[in-house]
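*Asks:* Quick one: structure below, then a few questions.
The values are calculated or read from the model by the stated rules, or taken from the named source; none is laboratory data. Every value quoted in this text rests on a predicted model; they were computed, and no experiment measured them. Please note: Cβ atoms are built from the backbone with ideal geometry, for glycine as well, and neighbour counts cover all protein chains shown. Accessible surface areas use protein heavy atoms only, side chains included; no ligands, DNA or RNA. Shrake-Rupley method; radii C 1.70, N 1.55, O 1.52, S 1.80 Å.
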Amino acid sequence: MKIAHHSPEVQSYFTALLERLGEVNDLRSAADLLGWDQTTYMPPGGAAARARQLATLQRLAHEKFIAPAIGHLLDKLEKVVEELPPDDDAAALVRVTRRDYERLQRIPSAFTAQITTHIADSYEAWAQARPANDFARLAPYLEKTLALSHAFADFFPGYTHVADPLINLSDYGMTVATVQPLLRELRTHLQPIVKAISAQPAIDDRCLTQAFPEKAQWDFGVQIIQQFGYDFQRGRQDKTHHPFMTKFSLNDVRITTRFSEAYLAEGLFSTLHEAGHALYEMGINPAFERTPLADGASAGVHESQSRLWENQVGRSLAFWQHYYPQLQATFPEQLGKIDLATFYRAINVVRPSLIRTDADEVTYNLHIIIRFELELALLEGKLAVRDLPAAWDELYDTTLGVSASDYRDGVLQDVHWFSGLIGGAFQGYTLGNIMAAQFYAKALQTHPTIPAEIADGHFATLHQWLRTNIYQHGNKFTTADLVQRVTGTPLTLQPYLHYLHNKYGAIYNLALS
Ligand code: ZN
């Protein structure tokens, strides 16, 4: 990366900034690599040393990043980039670096260390107390997490809502004032759909719950993601308990997955999902390597890319018109007598349930909306931690019409509140669903042949459109700017509602609107 048309002095500042950011990036990548190993291959005995190694690397990266030298270089360069257009790469780099620098500067390292220690303890306690169904044991941890979340927000005085600084961490630029009305409006549309679907005859999805040997599932998934454009020269797939994507450079973007030999949909769609995250990172402008621009724009935008490939593509009828005969050939005994229509309905069954990660496309967002509202109530002091389980159950009952018989499948099901702060942890998933539909609608408007190409097993037009419009920009634009740039309108629910109404109206023989 270069800064255009400037004196050797300015060039040297820019080069010095890139070098310092590159070193920070290398330290973070080393930590990410150790984290990847921790959840894939590390023997249990390595845990204590690994926690220490991660803490050391993270501390070094943090210290290096908030060093006064970076502040001085930003001071020098900011005046220069003011004259550049806002979409200039160098201007974006200075802007994004300043944003991260200011944020990290405000948080004392002692506080960061306190959070890290608390989260490690809290995760450990959750891992034991969840199987034991012991909410009482975890309540004190949650109390402390809540206090730390407040303390975190207070490093950013001037916020409108106490959750805003927390939301900003994962979805920069989003606030309670922008997210909450969107989610509440979405809820008013989703609940009637769920109700109408629940009144229809249930879909028979037993074809998915048979014996499906893992090796054949693995090979089938790998073949599909290669056709999507996932490049095994620049990535690899491994197994883990909770699938994720991680990268150590733009040429080493890895995914993890998990399989159930008793349930076909789990491994298959997890693989497609994580590949979607990876395609995004693999498509970032190579010039951004080792800079803060070599990242996704936000949790929401990242999730939009995984869900677009998993759902808009991977759960579409066009996709399975091409792949179902191959799947039948892979599992002739299990699926040979099951027709495409039955299989398609089975992978798109809508069924209100207790567990977020098992939820279908329609009910999934209701799980998120429940968590988002509970986070706000806790942070606003309207809900006490001791009353959280009752509030959780009541919302599940009124929103989804289901109730958990224990904490395990209720309030303790997600790791998020036990591995991070309270506030900002969940909205990205639903923002991702909304954006996926908005981006995909724009892609189809520009290239109406995309569904027909997918039905032939071709993804190049869609992949190229995503690279050009979204992937290459990395973290250069804010979420709001990116959505506006790509689709010509601000973030809106309409394409998502349109998608759900059409798809599920057809599957369930309903006139949804
Ligand atoms: Zn994801």
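*Asks:* For region 473-509, name all the residues that are open to solvent by 70 Å² or more (accessible area, probe 1.4 Å) and assigned to a helix (DSSP H, G or I).
*Replies:* Asp481, Gln484, Arg485, Gln494, His498, Asn502, Ala506
*Asks:* Among the residues of region 200-208, is there at least one that is part of a helix (DSSP H, G or I) and open to solvent by less than 70 Å² (accessible area, probe 1.4 Å)?
*Replies:* yes
*Asks:* Among the residues of region 220-236, is there at least one that is more than 16 Å from the ligand (Cβ to nearest atom) and either under 15 Å from the mean Cα position of the chain (by Cα) or β-branched (Val, Ile, Thr) (or both)?
*Replies:* Among the residues of region 220-236, at least one is more than 16 Å from the ligand (Cβ to nearest atom) and either under 15 Å from the mean Cα position of the chain (by Cα) or β-branched (Val, Ile, Thr) (or both), which makes the answer yes.
*Asks:* Follow-up question, since we're still on this one. So if I check each of Asp358, Asp295, Asp339, which one is modelled with pLDDT under 95 and either crowded, with 22+ Cβ neighbours inside 10 Å or away from the ligand (no atom under 13 Å from the Cβ) (or both)?
*Replies:* From the options Asp358, Asp295, Asp339, the qualifying one is Asp358.
*Asks:* If the Cβ limit is 9 Å and pairs must be 6+ apart or interchain, which residue in region 493-513 that is closer than 16 Å to Ala346 by Cβ pairs with which residue that is basic (Lys, Arg) and at pLDDT 95 or above?
*Replies:* Lys503/Arg315; Ile507/Arg345; Tyr508/Arg345
*Asks:* Scan region 24-43 and give yes if some residue there is touching a His at 6+ places or on another chain (Cβ under 8 Å) and either open to solvent by less than 50 Å² (accessible area, probe 1.4 Å) or in the same structural domain as Phe288 (by TED's automatic domain parsing) (or both), otherwise no.
*Replies:* Looking through region 24-43, none of the residues is touching a His at 6+ places or on another chain (Cβ under 8 Å) and either open to solvent by less than 50 Å² (accessible area, probe 1.4 Å) or in the same structural domain as Phe288 (by TED's automatic domain parsing) (or both).
*Asks:* What do you reckon, is Gly457 outside any helix (DSSP H, G or I) and either more than 21 Å from Ala297 (Cβ to Cβ) or under 21 Å from the mean Cα position of the chain (by Cα) (or both)?
*Replies:* yes
*Asks:* Just one of (1) within 24 Å of Pro389 (Cα to Cα); (2) open to solvent by less than 20 Å² (accessible area, probe 1.4 Å) trips up Arg137, so point out which.
*Replies:* (2)
*Asks:* Within the group Asn311, Asn285, which residue is under 25 Å from the mean Cα position of the chain (by Cα) and surrounded by 24 or more Cβ atoms within 10 Å (Cβ to Cβ)? Don't jump to the end; show me each part of the working.
*Replies:* Values: Asn285 fails: surrounded by 24 or more Cβ atoms within 10 Å (Cβ to Cβ).
Exactly one of Asn311, Asn285 is under 25 Å from the mean Cα position of the chain (by Cα) and surrounded by 24 or more Cβ atoms within 10 Å (Cβ to Cβ), namely Asn311.
*Asks:* Continuing with the same structure: Quick one: which helices (runs of 4 or more DSSP H) lie wholly within region 286-395 and hold at least 3 residues that are touching a residue at least 12 places away in the same chain (Cβ under 8 Å)?
*Replies:* Answer list for region 286-395: 299-307, 317-330, 340-347, 364-379.
*Asks:* From the list Ala47, Ala132, which residue is open to solvent by 20 Å² or more (accessible area, probe 1.4 Å), farther than 27 Å from Pro292 by Cα, at pLDDT 95 or above and over 25 Å from the mean Cα position of the chain (by Cα)?
*Replies:* Numbers: Ala47 fails: at pLDDT 95 or above.
Exactly one of Ala47, Ala132 is open to solvent by 20 Å² or more (accessible area, probe 1.4 Å), farther than 27 Å from Pro292 by Cα, at pLDDT 95 or above and over 25 Å from the mean Cα position of the chain (by Cα), namely Ala132.
*Asks:* Quick check on Thr357: is it of a type outside the set (A, V, I, L, M, F, W, C) and not assigned by TED's automatic domain parsing to the domain that holds Ser298? Spell out how you get there, then give the answer.
*Replies:* Values: of a type outside the set (A, V, I, L, M, F, W, C): yes; not assigned by TED's automatic domain parsing to the domain that holds Ser298: yes.
Against the criterion (of a type outside the set (A, V, I, L, M, F, W, C) and not assigned by TED's automatic domain parsing to the domain that holds Ser298), Thr357 qualifies.
*Asks:* When you go through Ala404, Ala425 one by one, which is the residue that is buried (at least 22 other Cβ atoms within 10 Å of the Cβ) and at pLDDT below 95? Walk me through it before giving the result.
*Replies:* Details: Ala404 fails: buried (at least 22 other Cβ atoms within 10 Å of the Cβ).
The match here is Ala425.
*Asks:* Suppose we filter region 140-177 for residues that are of a type in the set (Val, Ile, Thr) and open to solvent by 70 Å² or more (accessible area, probe 1.4 Å); how many remain? Let's see the steps before the verdict.
*Replies:* So the first thing to find is which residues in region 140-177 are of a type in the set (Val, Ile, Thr), and the list is 145, 160, 162, 167, 175-176.
Subsequent filtering for residues that are open to solvent by 70 Å² or more (accessible area, probe 1.4 Å) retains 160.
Residues in region 140-177 being of a type in the set (Val, Ile, Thr) and open to solvent by 70 Å² or more (accessible area, probe 1.4 Å): 1 in total.
*Asks:* Does region 421-429 include one or more residues that are farther than 20 Å from Val176 by Cβ and either out of contact with any Cys (no Cβ under 7 Å at 6 or more places or on another chain) or away from the ligand (no atom under 16 Å from the Cβ) (or both)?
*Replies:* Taking every residue of region 421-429 in turn, none turns out to be farther than 20 Å from Val176 by Cβ and either out of contact with any Cys (no Cβ under 7 Å at 6 or more places or on another chain) or away from the ligand (no atom under 16 Å from the Cβ) (or both).
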